[in-house]
Every structure is written in structure tokens, then in C-alpha cells.
Amino acid sequence: MKFDTPAGINPIDQERVVGQPHTRVEGPLKVTGRATYAYEYHDVGPNVAYGVMRGAGIAKGRITSIDVREAEAAPGVLLVLTYQNVPKQATSGRGAVPQLQGPEIKHFDQSVAFVVAETFEQARAAANLVRIDYAQAKGAFELAQVKDQGKPVADAPDVRKGDFAGAFAKAEFKVDETYTTPDESHAMMEPQASIALWEGDRLTVRTSHQIVHWATRGIAATLQIPEANVRVLTPYVGGGFGSKLFLYSDPILAALAARELGRPVKVALTRPQIFNHTSHRPATIQRVRLAANGDGKLTAVGHMTWSGNLPDAGSENASEQTKLMYGGENRLIETRLSVLDLPRGAAMRAPGEAVGLLALESAIDELAEKIGMDPVAFRIANDVQYDPSVGPSRPFSTRMLVECLRTGAEKFGWDRRNPKPAQVRDGDWLVGIGVASALRNNLMMPSGARVRMGSDGILIVETQMTDIGTGSYTVLAAVGAEMLGLPIERVQVRLGDSDFPRSAGSGGSWGANSASAGLYYACENLRAALAQKAGFNTAEVTFEGGNIVAGGRSVPLGEAAGPDGVVAEGDVTFGDLDKKYAQAGFGAHFIEAGVNIHTGEVRVRRALSVCAAGRIINPIAARSQCLGGVTMGIGAALMEECVVDKRFGYFVNHDLAEYHVPVHADIPDIDVIFLDELDDKSSPIKAKGVGELGICGVGGAVANAVYNACGVRVREFPITLDKILPGLPRYDA
Ligand code: MOS
């Protein structure tokens, strides 16, 4: 079904199951260890072999010699693959990710050898016995040094509206500041892992991936085999945050070796390999120029962002949210991409907005202070109900930013904030509060599902959709239950199998809404088939209490389905409602932070997020998404940073001891409030993306709270104590 006109009243609006809080339907499996993750299958064959990937020890240059004799002779070794003997792969196209493509080295930890042995320990030991010599070439590893060679970016076109330079020059109040954000790592719990098994010319890969059809496509393209011959299974994913949108060496090397050896091969990437071998969020440099007059209205909005990446890779579009967030007639929004020889940068949770809002929301705070205006009032004064970079011809589908700010300010006790920094002290701590707006573009993707009603009255849902820890199983169970008039316990959801209908998968916060919409249409078809089979006029029936009901007659669903059951499929594609209407989720984040007067250490003391993201399909899962987002936002503000070795071009801190993410002790109680909202332009579910909205803006609120606490404005993220201390007044104990 093509969704190209706003949704009318439909069965989801009943909210008997949807919109109600449900704990994870797969929760018991997870907490008892019975949810099987990619590396944990121990029954794919009696003779599974173990592979270990060896990555390049230089960032740029060539392999000059490679000697595998010692590795091949090591105990248990079955196969050593290098560029000299790797089977043929596609070099590019359709998501191909060829491995062992030496001798040329394009980034640190690029795969250069793959050792397969009877046991993991043997493979790991032998991988270290491959002798490799390199000739190093000079590479570019510092964004600041290459940024001025940056080129415009096709997926983030510049906006030029009005006369930015003129308006900026003559404005009464202005800020012109540059902010930097570092490379960040996804650092999800479960590393990339794959088990490959060949049966004739058919390949099955158990792996950990966010989007099943991207995985089948990329694996098939790389191996140059028909996509129909590749089955991907990824029923449980231990976190992704964008890193598992893509393929890395594990499924490809496992498949190549399994084919050579005629036995299944399993491989997991190591924690250090996650940092340098896989992808990361690219660093940015952002210049924000904002101008306003004394009435608090923005007159000029300028945001320029620079990032760098490998020659064939994309940009961190950190100025995108500035196109939509605030009014202002004169606008100049630019995105530039330079070539860097660091490991590949790619999507990480809320790519673009997550780091763009660190800069924009800091700058908004700085300008509000210059005008002498309250930062909440300043944001409200510059709200706009249409896409300000286009004009009133493109209204927002829904936009409740002002309501989010007002609700949050009231609940958080914003009126108790002292606008003058460094005034509030609690023992050894200076205490401040800060606010930031949140915006995350709402994205929708085609999605399909298959549904089956059995004679037992149980609804089975099958779709390629994944659950990356977000709650997809429970969301889809609720939608299926709502559509068929069943309790949620009577729905079984099966995910992450390429044999099921193609789905949106999990990415860009489009998963829950898109996959639910596909399921909605599949259920509509099932309802019609069941009603017809039971002899009803399909226009009149309702589905309630496990029955089809019309005209005083009631037939149990299992009976209507009959002994063989009834199967239906359905899918959704999307028309141009996202062109006619700007679609985004909005929110407001409030943070109270303490800065230690002696050490400059920052502790977040309170956090509140108020979000408006359309219908909230499952309030428990949505709240969890926001708790995770806020936690990640605090990490981005205060801790997370891949430190670049500028001589050798790699990330030095490649484990969780040195790449800091918040732990429980770093995070206070977080409160999340969802405002009632339905977005009928988004999908028949009337929902919007939630997950990434949770991170957007949080770090800006932390930065603003730190400034309010101690009067030190740090524009180089993360805000670590070494950057605060020099500006901190001396306090006597
Ligand atoms: Mo998201 S960065 O698409 O997992």
C-alpha cells in the first residue's frame, strides 16, 4: 500500500494494546540466556572452524612482504588467507565490501590476513605469526589541516536564503563561534560476529545486523553470487547504533573460508577491532553564526560544518538540523567534506543532529545571554511552524517544540535557575542548569510483513525487521494484537530472517513506525481474508476479544481461520508527504550539572527530557530509548572521544577502559515525559522516530548547564576537566 494521503481514523486509534505499557515479550529469553546472538550458535554443524581477522598495522601505504609459513604450520591451522590467495570478490558496487584487498592499505586495521583453525585460541595465536612488512605512505589524519579543501555534499545541499552577510553584519547581537566534536565509537555491547555455512551453492550467515536486505545484498554482491542464494539470520542484535547498518570483514571472510574448507566458519571481531576496523562517527568542526535584534528574534542563521572521511565515504551532516530548528529570514547553512585517511566514518546514532545540536544549542545559549534573554524564552520566541529554509509552503506535519520547552521548564523548576553563572554552590560543587531543544528528522522506509492466523487463534507475524535492543518484538506484537483484536500474549513475532518479507530494518529511528505500518497493511489484508472466509460482509466487521463480530454474530478467529489457517502479506511504501510536510520529532532536554570547585569534574545531577514524537506505540520501550539516548548524550558531552594518533593515523583508545562511556555511577535519575501527539502525515500508525530523538540536544543542555554552573564555556567537546580548570575561579576549601 502506498501511504500518500494523511491517515484517517483507523483500528490503531482504539489503543487497546498499542499505546499501553508492555514489558518486552522476548525479555524472559534474554535474561535467561536463551535469546541466541550471532556467535552463540553451537549447533550449525559438528565441525565448526574458528577464524581470526588480522588488521593492517599502518594507516596508508603498501604491504611489501607477507609471510604465512609459520602461521600455516602452527597447531590446528586449517587455512590462511591473504591478498595473495583470497578468492575473487567484487571490488565495488551494490554494497560490496571486498576483504584482503592488499597490497594497498587505505586505513588502519583494514583486513590483511585471515587465519582459520580448529579452535579460536589456535587461530588467534597463528594470526600473530603472519609476518607482514609495510611501506608507509604519508596520510592526512587531522581534520583541521584538511578542512579548507572540503567539497560540498550531495545529500546535504547548502541553504542560502536572504542576505545572510548583510543581516549578520548589521545585527545588534551576534555570536560567531567555532565548536569541535571528536570521532566517536558506537561501542555497542555485542561485537560484529558471523557464522557462515554453505549447503551446495547456498550460503547461510548468522550475523548481527540492523537491516537484513542490506546484508544479503552486500554479501551476495561481494561474493558475486545471486542474492537469492544468501540467507541471513539476525534475530537478536546486541546493540548497533548504526555500526551494524554496514558489513565488515566478519561475514565475508567467514563465507570465503567456509567455502574453501567445506565446513562452517565463525568469526567475531574483537573489541579493539570495533574502534579501528569498523566504522565510527566522524569528528566535526562547526562554525555557528547567529544574529538577533533586541526583541529576541533571530535575523541571521549561519552554520557551517566540516568533516573528513575516506575518499569513497560520506559526510557527518552536522548542520542539517539548523535548516529546520529556528526561524530567521537570512540563512547560510553549509556542509563540507574533506578526504582523511583515518578508518571509515559512518552513521552513528542520530548522524548529523547528535553533534550538530551540540554546536547549535550551545550557540543559542550564548546568544540568549548576550541579549539578556532567558534561554527557554529565546528558543520559544524563535519557534517556526514551517520549514524556515523553504517557507510557509512547507509546514511541519506536527511540531510541539514550544510545548516541550514549556512543560519541561515547569516540571524541572527552571524558574529557580540563576541566570548569572557560578552563583549556586552546594558544598564543593558549583551547580547550574541548562536547556537545549531537540529535533530529529522523521524518516520512513518501505516495509513488509507476513501474518498468519492459525486454528488455535494465535497470530504469527514474520518480517525481516530486526530488534537491536529497541523493542521491535514487543512493538510489532502490540500492533498485530491491536489490528486483530487480540491480547498481546496471543501474538508471536519472528524477526531477522531473510526468508521473511523485506522490511525497513532498524536505522535512522525509522524502524518501529515503518515496520508497524507494513504490518498494519498485512493485518488489514488478513482481516479481510478472515472475514470473507467466515462469511461476513467485510466492510462491517470489527475484531475484538479474539472474535470477528458483525450484525450480532461473533466468530472466534481460530474458527474463522479453519484447520489450515489463513496467511496474508502486506507492505507499505511512502509517497511525497515528507516533501509536502517537514516531518521531525521534537523535544526539550533539561540538565542540572555540578562542577567540582577543586577538580573541575562534572557530574550530571538531574535530567529531564520532554519529547513529542507522534503516537508512542509502547511507552515503556520508548522511555527506554530516551533513557539510552540521554545517557549517550551525556557521554558525548563529557566523555566520549576517539583519540587520533596524528603520526600513525589510528584511534589509540580502542577499548572500553580507555574509550569512556557513562556507567551507572555517571548517570542520575532521568525523567522522560512524552506529550500526546498523533502525526497522521507520517504513517497509519501516526508515530514518529523516538530512539535518536533521545540523544539529540542532550549534550548541548549539559554544556549549557556546565556554563551556568561555573561560567566556563567549553566549545571543544567532550567537556573534560582539563578544559574547565583553567577558567575556574580559585575557591578556598
Ligand atoms: Mo542508526 S545511526 O541508523 O542505527
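Note that segment 573-623 shows a convex hull volume over its alpha carbon atoms of 141 Å³ per residue. How far is the Cα center of segment 311-325 from the Cα center of segment 101-146, in Å? Cα centroid of segment 311-325 versus Cα centroid of segment 101-146: 31 Å apart. The ratio of the alpha-carbon radius of gyration of segment 89-192 to the globular-protein estimate 2.2 N^0.38 Å is 1.80.
Here's the picture: a label point sits 7 Å out from the Cα of GLU72 along the beta-carbon direction, and within segment 101-127 the residues with their amide nitrogen under 20 Å of it are 101-103, 112-119, 122-127. Pairs of Cα atoms nearer than 8 Å and 6+ residues apart set the relative contact order; for segment 20-121 it is 40 percent. Just to confirm my numbers, what's the Cα centroid distance between segment 374-416 and segment 191-244 in Å? Cα centroid to Cα centroid, the span is 43 Å. The packing ranking, built from the mean of other Cβ atoms within 10 Å per residue, places the peptides 663-672, 294-303 in the order 294-303, 663-672, highest first.
Here is the tail figure for segment 674-733: Cα pairs spaced more than 14 Å apart come to 68 percent of all pairs. Counted as membrane-span-like here are DSSP H helices of the chain whose alpha-carbon atoms extend 24 Å or more along the helix's own axis and whose Kyte-Doolittle mean is -0.5 or above; these are 353-371, 511-533, 619-638. Quantify how much of the Cα-Cα distance distribution of segment 473-597 extends past 16 Å, in percent. Counting every Cα pair in segment 473-597, those more than 16 Å apart make up 70 percent. Using C-alpha pairs under 8 Å with a sequence gap of at least 6, the mean separation divided by the residue count of segment 58-186 gives a relative contact order of 32 percent. Counted over the chain, the DSSP beta bridges are approximately 75% antiparallel.
The DSSP beta bridges internal to segment 560-717 are antiparallel in roughly 70% of cases. Based on DSSP H segments of at least four residues, each scored -39500 (n - 2.57), the chain has a per-residue ellipticity at 222 nm of -7000 deg cm²/dmol. DSSP bridge analysis restricted to segment 392-510 gives an antiparallel fraction near 60%, rounded to the nearest 5. Cα centroid separation, segment 33-55 to segment 261-308: 32 Å. Taking 8 Å as the Cα distance limit and 6 or more residues as the minimum spacing, I'd like the relative contact order of the chain as a percentage. Here the relative contact order equals 17 percent. Let me make sure I get this right: for the chain, a, b and c are the square roots of the gyration tensor eigenvalues over alpha carbons, sorted descending. Under 1.5 in a/c it's rounded, otherwise prolate if a/b > b/c, else oblate. Which is it? Oblate, since a/c reaches 1.5 and b/c is not below a/b.
Values quoted throughout were computed directly from the atomic coordinates according to the rules given, and no laboratory measurement underlies them. In this text, all values refer to a predicted model and were calculated from it rather than measured experimentally. Positions of Cβ are generated from backbone atoms using ideal geometry, with glycine treated the same way; all protein chains shown enter the neighbour counts.
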